[in-house]
Amino acid sequence: MPDGTARMPVLDEGDALRVLIAGVGNLLRGDDGFGVEVARRLLGRPPQLAGAALTIIETGIGGMHLVQELLSGYDALIVVDAVERGAAPGTIFLLEPERVDPSGWPDEIRRDFFADTHYAEPSHALALAAAVGALPPRVLVVGCQVATVDDLLQGLTPAVARAIDRVAEDFPRIVGEWLSEPAGAVPPTP
């Protein structure tokens with residue numbers, strides 16, 4: 001697409017749960033490109049999941065694209081991203097992000113928080129989606145522990161590259177287990 005965002009509806013089954021899978025990250029910062037690479041892999045070989053209408057997008061660092069897509073209305077959101085949690089590089093985490101309610105913030109704090117219209121940090125995009133009423137009731141982050149993201153570096157480290165294969169292969173199980181659990185439950189880490 002001209003804006004750099006790949007979008008692909010995978011399945012459309014009428015009453016199925018509408019699930020958005022968003023790969024985020026910066027390909028120019030080494031392992032930070034994890035989410036983008038997973039989304040590309042899933043776009044090339046879309047997962048099939050009974051009872052779910054999946055849409056896969058690759059937003060890079062354009063969190064505003066994520067918010068715009070969420071305005072279409074989804075039942076669930078899965079953000080695939082690089083994370084820093086002090087674990088071995090390539091470790092996969094399944095996390096339910098803390099929800100923020102910016103409506104209770106003082107005007108100055110809210111204005112400063114939303115001043116960056118790129119929303120490169122996914123938490124900012126999620127907060128904006130919540131503020132405009134577009135954040136789905138269920139949100140999961142599939143995160144991969146990075147080895148390096150500080151340098152201008154194209155390409156992933158070997159441990160993170162291997163994690164892409166594991167996540168892409170295991171995605172139907174991850175999503176299926178998550179959707180079958182009550183809201184707030186997170187499936188076991190792959």
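The values are calculated or read from the model by the stated rules, or taken from the named source; none is laboratory data. Everything quoted here is computed from the prediction, not taken from an experiment. Cβ placement follows ideal geometry from the backbone for every residue including glycine, while neighbour counts extend to all protein chains displayed.
Suppose the filter is closer than 24 Å to residue 157 by Cα, over 14 Å from the mean Cα position of the chain (by Cα), modelled with pLDDT of 85 or more and of a type in the set (Lys, Arg); does residue 45 pass it? Against the criterion (closer than 24 Å to residue 157 by Cα, over 14 Å from the mean Cα position of the chain (by Cα), modelled with pLDDT of 85 or more and of a type in the set (Lys, Arg)), residue 45 qualifies. Look at the stretch 59-78: where a residue is farther than 18 Å from residue 18 by Cα and of a type outside the set (Ser, Thr, Tyr) and a partner is at pLDDT 90 or above and part of a strand (DSSP E or B), sitting 6+ places away or on another chain with Cβ atoms under 9 Å, you get 60/23; 60/24; 61/24; 62/24; 63/24.
Scanning the stretch 48-59 for residues that are crowded, with 23+ Cβ neighbours inside 10 Å and modelled with pLDDT under 90 yields one hit, 59.
May I ask you to verify whether residue 103 is under 17 Å from residue 21 (Cα atoms) and of a type outside the set (A, V, I, L, M)? No, not satisfied. Filtering the stretch 76-96 to residues that are under 14 Å from the mean Cα position of the chain (by Cα) and of a type in the set (D, E, K, R) leaves 81, 96.
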